[in-house]
Each structure stands twice: as structure tokens, then as C-alpha cells.
Amino acid sequence: MHKKSLIVVLCILVLALAWIGDIEADVSHDPAAPIPIPYDQALDFALLGNGAGSFAFYSIEYPGDGRVITIQLDLAPGDPVAMMGAGFHVYGPYGYLIGTGAQDIDKLDRKVVLWSDYNPARWLIQVYNYLPGTTVNFHLEVRGLPGPQPTRAPVMLPAEATTFSLASGSLLGDRGGNYHYYKLDCSGSGAQVVLYLFNTPDNHLVSEGFGVNVYGPDGTHYPIDAHYVRFKCHVPGTYLIQVYNYLHAINVSYVLVREQ
């Protein structure tokens, strides 16, 4: 009988540890290593509060296309005391405060932030509990993010470059790089070539991962400077023009023209 009781106790302990592990799997207490939320989804977790604050951190990649993101947090208990001592903040780059969860007028145990922007960026969600010795259960929901991305299409190769005249298109970004290629034949007369790039969205964050490179027949690299590339055709042959996008899951439309 004693042996059976011990087995039952051990089974309960194992189940309890597994349950705790599941909760902790959805919680990161490190702001430098938040749990990413890649698309619309909900997470359930708990935080034991203390006077200095107990925190859980999550992150989303905002695409910078003006879409409205809704972040809502349900609390249990959701009484007035808990609602004063627990909630969440949302931060943008460099610690910029996007918003603090405000109580939903239609659901008093819920806090909400709605925000839109035209800058692609990582947002940090900080859930907090300042209630000493009180465990608060949270239901975090994010709405408005793009859905799971389709399987990446084959990347265009330099050998597939088309002859350049006026180029336009849309290029979906990828962390590993996504490219369009064009070729421009030069006689080697030393004539100056200036290419202008116009794209949308267009801001300093987009310019960090989207742009144009030109490679001469001898391998010389001519990078983009602001919105143009300038080079002289001293070497006869084919110059390769590369439009690149390293902005993951962000689609950039562009027009590339040559100064006449």
C-alpha cells in the first residue's frame, strides 16, 4: 500500500512539474531574449508578483506598412487592485514607449494597446506584476500581424538578369537576401551612368536593408549612395545591377531609372 501511495505521489509530482514547465516555456524574464510572436496568436502564462516587479517579455516584428496592431491582455484576478498592479507596456526601438495597456471599457479585466506605424521595427512587449506574493494569470493576444509566410521562392540568380532599360517591381525581403538582377552593356568609352532608385516604403530603416549594387565586368563594386548609384564605364562589357532586400517578410515596391 505504501508503495502504491508513493507511485501516486510521484505521478502527481511529475504532472505538476510538466505543467510548470509548460508555463515557463511561454515566459521569458530576459528583455534581451524575448519570446517572439511571429503572427497572430494567444499565449497563457502566470507571474508571481513582487514589489520590485515581476516581468515577462515578448516581441513582434512590425512590418511598417501602416497596419493596426491590437495587443490585449486579460488578467485573472481582474479586480481593481490587480488591474492597478499588473499590466503591460509596449516599446519600440531604443526604448521608445509605444503605449501602456489601458483598461478596456467593455471588459474590465482586460488591458489593450492599439498602434500603427510606417516604420518596420521590432516591438518589445513587457508584461508586469507588482503585486507582492500574488500570482496573476495572463492571456496575451496579438492581432493584425501578417500570417505565416509561404515557403521562400527560389532566389533570382545573376545569370537570370534581364537587360536594363527602366526597371520596376516588388521585392519581398528575406533575412538571407532576395534579389532582382539586370544587366547593362557598356562600350568602355568612360561615359558616366547614374541610376536613381525610388521605393516605397521609404525611410531610414528600410534603407538599411534595401537598395542597389552595381558590379563591373572586372568585379568593381559600385554601392548605392542615398538614392542613386554613379559610375563610369571605363571597362567594356556587361555591368550587373542587383536590387536587394534583406528586410524579412517586408515587401518593397521600386522603380529604377537611368539619368539620360
field: Yes/no for PRO201 being crowded, with 18+ Cβ neighbours inside 10 Å and either at pLDDT below 95 or polar (S, T, N, Q) (or both)
entry: yes
statement: Within the stretch 94-121, residues within 23 Å of PRO80 (Cβ to Cβ) and loosely packed, with under 12 Cβ neighbours inside 10 Å come out as ILE105, ASP106
- request: Would you be able to say whether some residue in the stretch 192-204 is over 22 Å from ARG67 (Cα atoms), aromatic (Phe, Trp, Tyr) and in contact with a Cys (Cβ under 8 Å, 6 or more places away or on another chain)?
  value: no
query: Would it be correct to say that LEU97 is of a type in the set (A, V, I, L, M, F, W, C) and at pLDDT below 95?
result: no
task: Evaluate the following for ASP174: is it among the charged types (D, E, K, R), surrounded by fewer than 18 Cβ atoms within 10 Å (Cβ to Cβ) and either assigned by TED's automatic domain parsing to the domain that holds VAL243 or more than 15 Å from TYR246 (Cα to Cα) (or both)?
output: no
- prompt: Considering the stretch 200-239 alone, what residues qualify as being over 20 Å from TYR118 (Cβ atoms) and either hydrophobic (A, V, I, L, M, F, W, C) or in contact with a helix residue (DSSP H, G or I) (Cβ under 7 Å, 6 or more places away or on another chain) (or both)?
  reply: VAL212, VAL214, ILE224, VAL229, PHE231, CYS233, VAL235
- prompt: Counting only residues that are surrounded by fewer than 16 Cβ atoms within 10 Å (Cβ to Cβ) and assigned to a strand (DSSP E or B), how many does the stretch 184-195 have?
  reply: 3
- prompt: Identify, please: which residue in the stretch 240-260 is among the polar types (S, T, N, Q) and within 29 Å of the chain's Cα centre (by Cα) and is, among those, farthest from ASN119 (Cα to Cα)?
  reply: GLN242
- request: Determine which single condition GLN242 fails, assuming it passes every other condition in (1) part of a strand (DSSP E or B); (2) in contact with a Leu (Cβ under 9 Å, 6 or more places away or on another chain).
  value: (2)
- line: Here the residues within the stretch 91-112 that are over 25 Å from the mean Cα position of the chain (by Cα) and aliphatic (A, V, I, L, M) are ILE105, LEU108
Residue in the stretch 71-93 that is polar (S, T, N, Q) and either surrounded by fewer than 17 Cβ atoms within 10 Å (Cβ to Cβ) or assigned by TED's automatic domain parsing to the domain that holds VAL252 (or both) present: no
statement: Being at pLDDT 95 or above, within 29 Å of ASN199 (Cβ to Cβ) and either touching a Cys at 6+ places or on another chain (Cβ under 8 Å) or not polar (S, T, N, Q) (or both) narrows ILE37, ILE60 down to just ILE60
message: If a residue counts only when it is of a type outside the set (S, T, N, Q) and under 26 Å from SER207 (Cα atoms), which strands (runs of 3 or more DSSP E) contained entirely in the stretch 32-138 have at least 2 such residues?
response: 54-62, 86-91, 97-100, 121-129
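The values are calculated or read from the model by the stated rules, or taken from the named source; none is laboratory data. Keep in mind it's a predicted model, so treat the numbers as computed, not measured. Quick reminder, even Gly has a Cβ in these numbers, built from the backbone with ideal geometry, and neighbours come from all protein chains shown.
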